[in-house]
Amino acid sequence: MPATLPSYPWPVRKSFRKALNRSGLIIRQHSTEADQLIDFASATAAGLSSMPRRLQCRFLYDARGSELFDLITRQPEYYLTRTEAEILATKARLIRKICGATTLAELGSGNSTKTDYLLRAWLAQAQSVRYVPVDVSEAALREASRNITVSHPATQVLGINSDYRSAFPLLREISPVTVLFLGSSIGNFAGDEMSLFLRDLALSLCLDDFFLLGIDLVKERHTIEAAYNDAAGITQEFTRNLFIRMNRELGSSIDPSAVQHVAVYNEAKEQVDICARFSQRQAIHIAPLGQHVIIDEGEAINTEISRKFRLGTFLPFLEGYGFTAEEIFTDERSWFALLLLRRNGFPPAVSGGTS
Ligand code: AVI
């Protein structure tokens, strides 16, 4: 686990500070297209050679993958987005009251639709608000920025086009801040990734900054499994799209029709394990590295996990990273929770996972 956070050279910080007074400006990530391709190729090669085989879920979100995820959130079985939006709709004003006139920064903002409730609540209390969305997709940032500027002209939008971790060192520049991490995206992290994320975020925030975290709660198996096996087959297409992306970018020559989407709730681990099972043997080519990996008929590759949480164990775990709950908001069925956390402590010097 790296001991230090990535840091930006002074000129980048300086230009970010200058940009704080403007709107709509996109800070670009530093990696080139070639770097991104090598990152995809090497992570794929490592994941396919590990046992069990596992691909990193961040690669699911190319342009088509992001479109498909957006469609997933509208499926009747996928309760997460709707339930979180219901909570936000009723609690946004109270959240603003507790957080005060902080800057809103959103990690993995996507199309920023749920953020609308918070922006309205912030603008009901002040003439303007600064909103800093962070996303790897420049197209998503530009669209969100355009939409928000049209629907809330008093919002100053300053997009950061990078992964979360690279954006963390800039959070201090916009403190006092409320960082949003919605949709239970934290559930897609494995134990060590979650620990690293929480530790780095805690180290990047100032004392008394806020962290609004959406988490999906443990519930009956059939409700959870239905959400990841929608009748329209969109989630299946989402899983398949990762292999279509590999064909396009890595020259992999995979037969997409041999990819079967399998999503099963593991009650012992309290997580959905999402896999691609191959109905035929495949020789997966990773052209940029000149490698081949053989996948046998019936073999499965894990493409994602989606953890479900219990408040009784997760809140003390968050406290261990310096985050204390100011308020916990849930829906009527206790299916989903929004945790309003305050950073008022310190993370451990060396962190461990939840499992
Ligand atoms: C983004 N994330 C919170 C989704 C989830 O529910 O774990 C990703 C997803 N994968 C398939 N369906 C939804």
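Points worth noting:
- Listed pairs K18/K308; K18/K97; K97/K269; K114/K269 exceeding 32 Å between Cα atoms: K18/K308; K97/K269
- Extent along principal axes [Cα atoms of the range 134-292; Å; largest to smallest]: 54, 40, 34
- Of all beta bridges that DSSP places with both ends in the chain, some 60 percent have antiparallel geometry.
- The ranking of T239, T73, T90 from fewest to most other beta carbons within 10 Å of each one's beta carbon is T90, T73, T239.
- Translational diffusion of the chain was estimated from the Stokes-Einstein equation, with Rh taken as the Kirkwood radius over Cα pairs; at 37 °C and 0.692 mPa s the coefficient is 155 µm²/s.
- The distance linking the range 185-199 with the range 64-90 is 21 Å (Cα centroid to Cα centroid, whole angstrom).
- Every Cα-Cα pair of the range 180-258 was included, and the share exceeding 20 Å stands at 58 percent.
- Candidates S109, S257, S175, ranked by Gaussian network fluctuation over the chain, Cα under 10 Å, top entry: S257
- Estimated [θ] at 222 nm from DSSP helical runs (n ≥ 4, -39500 (n - 2.57)) normalised by residues in the chain, nearest 500: -12000 deg cm²/dmol
- Principal axes of the range 210-314: Cα extent on each, largest first, Å: 48, 33, 25
- Sorted on the mean count of surrounding Cβ atoms within 10 Å across their residues, most packed first, peptides 138-150, 330-342 read 330-342, 138-150.
- The 3J(HN,Hα) values that the Karplus relation (6.51, -1.76, 1.60; θ = phi - 60°) gives for the range 285-300 are, in residue order, 8, 10, 4, x, 10, x, 10, 10, 10, 8, 10, 6, 4, x, 6, 10 Hz. Gly and Pro appear as x.
Bear in mind these aren't lab numbers, they're just calculated from the coordinates by the rules spelled out. Nothing here was measured: the structure is a model prediction, and the numbers come from that model. For neighbour counting, all protein chains shown are included, and Cβ atoms are generated from backbone atoms with ideal geometry for every residue, glycine included.
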